[in-house]
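Have a look at the structure below, then the notes.
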């Protein structure tokens, strides 16, 4: 794929401009879905911990990749951040304004600023509407005069690489890549600042994936957009993200600048994910050490105590089973929630601090410099 990671742009975004607040901020966000039982009277017998005390930030012009296994809570987190579902707990701020429990009326002007491109380009478009109606609907809902809608839709289609004659076609007349372009045009209609991309290329062929990723990169440069890019394909995320957050069982395991995560993963789970990426060279593929995570992820209904990854982690000890690890910030803005970090020196551990993004239940102690000896 020809799109290149914007490491310089990511560094600027992470540092912020003039101390401005993040564009989007989640603070100890929780999304627990009740499990009910009973025929006549529903009673709650448990909860699915889909998102469990997650804190992260997204700055203006930045692309934050969100990765993890299927079922780890990526999409639920993305939908919660956009207030498509009401969060159970925590705080969501958009441009410094608390929108956690904002009413539909209060959210209406913010909907122009926050848009989403959904995973399935086949299911996310109304099959009974023409393209001009699909892309023009957000404009109509936000009061754009009727005679201005079609010219603006034509312009949007042109920006995403579609032709004017596509205006009056139905979704079934397009390929998967073209449908995703329609979804992107719809998301751009109201000139948002933030677009959440929920696995936007996972249902597409590899060649079409590259086209969509390059399109997203061009649009970001043209409009100054911020992206939350949700995916499970780490090779794709590497090409588009400035920073990457790794999730497992509803929790954040690691947050790092993109290139550093691939060069120096600190959490064992991240290392296992990276080792699963196919290498085109068969000789290099045979030489590298593959880290295989044993077993299946635990049930989010009853997450393990301590570190939620300890049931599958080859480095787990007693402290992992009893104490929730804090998000420890290492030099260079690299954060990891692990009692026994990998690929860090004694000097880096000595400089590490407990991040304010750590879960509320996390312990206070950060790893000891002696941990570096285990990595030697």
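For the range 325-337: of the residues being buried (at least 23 other Cβ atoms within 10 Å of the Cβ) and in contact with a helix residue (DSSP H, G or I) (Cβ under 7 Å, 6 or more places away or on another chain), which is farthest from residue 242 (Cα to Cα)?
Filtering the range 325-337 down to residues buried (at least 23 other Cβ atoms within 10 Å of the Cβ) leaves 325-328, 330, 334-337.
If we keep only those that are in contact with a helix residue (DSSP H, G or I) (Cβ under 7 Å, 6 or more places away or on another chain) too, we end up with 330, 334.
Values: 330: 17, 334: 12 Å.
Among residues in the range 325-337 that are buried (at least 23 other Cβ atoms within 10 Å of the Cβ) and in contact with a helix residue (DSSP H, G or I) (Cβ under 7 Å, 6 or more places away or on another chain), the one farthest from residue 242 (Cα to Cα) is 330.
Go through the range 121-154 and report how many residues are within 29 Å of residue 205 (Cα to Cα), without any contact (Cβ under 8 Å) to a residue 40 or more places away in the chain and surrounded by 14 or more Cβ atoms within 10 Å (Cβ to Cβ). Steps first, please.
Step one: filter the range 121-154 for residues within 29 Å of residue 205 (Cα to Cα), giving 121-138, 153-154.
Okay, now just the ones that are also without any contact (Cβ under 8 Å) to a residue 40 or more places away in the chain, so 123, 132-133, 153-154.
Still in the list and also surrounded by 14 or more Cβ atoms within 10 Å (Cβ to Cβ): 132-133, 153-154.
Of the residues in that region, 4 qualify.
What is the number of the single condition among (1) in a helix (DSSP H, G or I); (2) free of Cβ contacts under 8 Å to residues at least 24 places away in the same chain; (3) surrounded by fewer than 16 Cβ atoms within 10 Å (Cβ to Cβ) that residue 172 does not meet?
(2)
Out of the range 221-240, which residues are modelled with pLDDT under 95 and over 25 Å from residue 298 (Cα atoms)?
Those that are modelled with pLDDT under 95 and over 25 Å from residue 298 (Cα atoms): 221, 222, 223, 224, 235, 236, 237, 238, 239, 240.
Of all residues in the range 278-293, which are in a loop (DSSP other than H, G, I, E, B) and either in contact with a helix residue (DSSP H, G or I) (Cβ under 8 Å, 6 or more places away or on another chain) or over 16 Å from residue 235 (Cβ atoms) (or both)?
Keep residues of the range 278-293 that are in a loop (DSSP other than H, G, I, E, B), which gives 278-281, 288-293.
Hits for the range 278-293 are 278, 279, 288, 289, 290, 291, 292, 293.
Residue 355 fails exactly one of the following numbered conditions: (1) buried (at least 17 other Cβ atoms within 10 Å of the Cβ); (2) farther than 17 Å from residue 264 by Cβ; (3) in contact (Cβ under 8 Å) with a residue 60 or more places away in the chain. What is the number of that condition?
Going through (1) buried (at least 17 other Cβ atoms within 10 Å of the Cβ); (2) farther than 17 Å from residue 264 by Cβ; (3) in contact (Cβ under 8 Å) with a residue 60 or more places away in the chain one by one, residue 355 breaks only (3).
Given the structure, is residue 246 in contact (Cβ under 8 Å) with a residue 24 or more places away in the chain, closer than 30 Å to residue 22 by Cβ, in contact with a helix residue (DSSP H, G or I) (Cβ under 7 Å, 6 or more places away or on another chain) and not in a loop (DSSP other than H, G, I, E, B)? I'd like the intermediate steps shown before the answer.
Working: in contact (Cβ under 8 Å) with a residue 24 or more places away in the chain: yes; closer than 30 Å to residue 22 by Cβ: yes; in contact with a helix residue (DSSP H, G or I) (Cβ under 7 Å, 6 or more places away or on another chain): yes; not in a loop (DSSP other than H, G, I, E, B): yes.
Answer is yes for this residue.
Among the residues of the range 128-160, write down those that are part of a loop (DSSP other than H, G, I, E, B) and within 26 Å of residue 231 (Cβ to Cβ). Please lay out each step first, then the result.
Kept after step one, since they are part of a loop (DSSP other than H, G, I, E, B), are these residues of the range 128-160: 128-130, 142-145, 160.
Hit for the range 128-160 is 160, nothing else.
Only one of these is outside any helix (DSSP H, G or I), under 21 Å from residue 66 (Cα atoms) and touching a residue at least 24 places away in the same chain (Cβ under 8 Å): 314, 341. Name it. I'd like the intermediate steps shown before the answer.
Details: 314 fails: under 21 Å from residue 66 (Cα atoms).
On inspection, the qualifying residue turns out to be 341.
The values are calculated or read from the model by the stated rules, or taken from the named source; none is laboratory data. These numbers come from a predicted model, not from an experiment. In this analysis, Cβ positions are derived from the backbone assuming ideal geometry, glycine residues included, and neighbour counts consider all displayed protein chains.
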